[in-house]
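Enquirer: This structure is in structure tokens; I'll ask about it shortly.
Here, each number is a calculation from the coordinates, and none is a lab measurement. Since the model is a prediction, treat every value here as computed from it, not as a measurement. When we count neighbours, we look across all protein chains shown, and the Cβ atoms used for this are built from the backbone with ideal geometry, even at glycine.
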Amino acid sequence: MLLLHISDIHFRFNEIIGPDDPNRGLRNDLIHDVRGMRDKIAGNVEMILLSGDIAFAGHEKEYEFAYEWLEKELCPAAACAIENVFVIPGNHDVDVKAEAGPASMHARASLRATAADKLDAELRKWLRDPGSANVIFKPIENYNRFAARFQCSIGPYTLTKDGTIAKDSAHPFTTRDLKLNDGSVLRLWGFNSVIVSDLSDKKDEMLVDPAAAQIEREDGVTHLVMCHHPFNWLRNGKPFEDRIDAVAKIHLFGHEHTLRVDEGKHFVRIRAGAMQPARDERSWKPGYNWIDVSVAEAEQKRSLTVKIWVRMHETDRFLAVPDRNDNDIWHEQFDLPSWELPTAMPPGSVVAKPAKTPAAVPEPQPAAGRIEEVPMTPPVPSVTLRTVTVKFFKLKEHEQRRLIAKMKLDRDGDRDLKDYELATTAVRRASDGGMLDVLDSAIEALLSQGGR
């Protein structure tokens, strides 16, 4: 399974609006390298992993640009469907205007003043109280509208009257399951380390969601964890570090603009480097990573093989960063518990009906001045929760609401949901109710009519 790991893109509003964007050529080099590496590795990218700092100042226009760049350039170059993007927030994804509000300022001051050994308990209270939690998540609303397109938005828990977490509740983290070559699961975890964040962020002051320290072992599941801030930036990071060292095989981080692979006995820890670091940094070295994950079995023993291609920009192209033995590919291998793919379906299982295949869409054409190679496109996807979500967000908000009402996907209490929360929840309800095909057809009809 081939993964593309990118971090710290830093799309800056006052730069991306003009042809003199100082990173335009750099992005062109990246797209060229992605195409070349895809041919060299001989595989299409299964998932693009963005470990934070997509924007520079959390501006809505920065996210609009980011989505268009992903859809029209990076995903076609990687032969990866747009819905196969997995994203977490970084400190630059915080809206600098929203964080300046008095409620947000007082929340940060209160949490930062809490003793480290009491932080997780205090955070649990904040994440379960609607008023307090909304203060925490308000500064990343623009980010969440972007992440919602990939079903990766995060938010506070919604509790029922008896104190349990509601079925349609958001979570302060995001997760996704991928199928490895032997049928086992690679589970992606994306954790939020910008619960408190502002321009004065320092090491040992950031906070991570307490759920990050509670990942459970599960038969046939290998864990990959993403968090923007490395452990040395997290005040409550010790329990998180101890847990994922014991349970997760692959750890991905951003924020620190270095290209490093830390090889452990039971795990590998990878920093992405920055795709677009600040030009005045002492060592301006843009970078990103390719990661291939597979399971091998020999003499009834299972092992996880992780191959990493670390790429770094030099002058006008990306080059390999070799391992300590001067090999272009970093090889890591870890023992896995014994496991066999179930041969029979468990009682009560239902065979899913084949999803219809939507009509093929025209391949995006390169913009003027861009690389002219025609990228290989991924197979046209079947109708899934994520393909429908991507389409649903192409509708205007009033069109979404009209369709939600028409298909009876609304519920009592939805008035408390934000626009992007209502959209993602409605698509999940359609999926749970076996109505994805119907919703997909309705969206296609609206889009073909120009949204009328």
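Enquirer: Starting from the Kirkwood Rh over alpha-carbon pairs, what translational D in µm² s⁻¹ does region 385-448 have by Stokes-Einstein at 37 °C and 0.692 mPa s?
Expert: Translational diffusion coefficient: 285 µm²/s.
Enquirer: Further, regarding this structure: Whole angstrom only: what separates the Cα centroid of region 130-149 from the Cα centroid of region 388-451?
Expert: After rounding, the separation between the Cα centres reads 20 Å.
Enquirer: Which one, 172, 80, 227, projects farthest toward the positive side of the charge dipole computed for the chain from Cβ point charges (K/R +1, D/E -1)?
Expert: Ranked along the dipole, the leading option is 172.
Enquirer: Does region 288-335 classify as rounded, prolate or oblate by the C-alpha gyration tensor (a ≥ b ≥ c root eigenvalues; a/c under 1.5 gives rounded; else a/b over b/c gives prolate, otherwise oblate)?
Expert: prolate
Enquirer: Report the antiparallel proportion of the DSSP beta bridges in the chain as a percent, rounded to a multiple of 5.
Expert: 60
Enquirer: How much mean residue ellipticity at 222 nm does the chain get from its helices, if each DSSP H run of length 4 or more adds -39500 (n - 2.57) and you divide by all residues, to the nearest 500 deg cm²/dmol?
Expert: The helix contribution divided over the chain gives -8500 deg cm²/dmol.
Enquirer: Given 20 °C and 1.002 mPa s, how large is the Stokes-Einstein diffusion coefficient of the chain in µm²/s, with Rh as the Kirkwood radius over Cα pairs?
Expert: 93
Enquirer: If you average 1/r over every pair of different alpha-carbon atoms in region 207-345 and take one over that average, what Kirkwood value in Å do you get?
Expert: Kirkwood hydrodynamic radius for region 207-345: 16.7 Å.
Enquirer: Continuing with this model, one more query. Taking the Cα centre of each part, how many Å lie between region 60-85 and region 204-227?
Expert: 26
Enquirer: Apply the Debye scattering formula to region 109-215, with a single equal point scatterer on each alpha-carbon and no solvent, then give log10 I(q)/I(0) at q = 0.21, 0.23 Å⁻¹.
Expert: -1.25, -1.41
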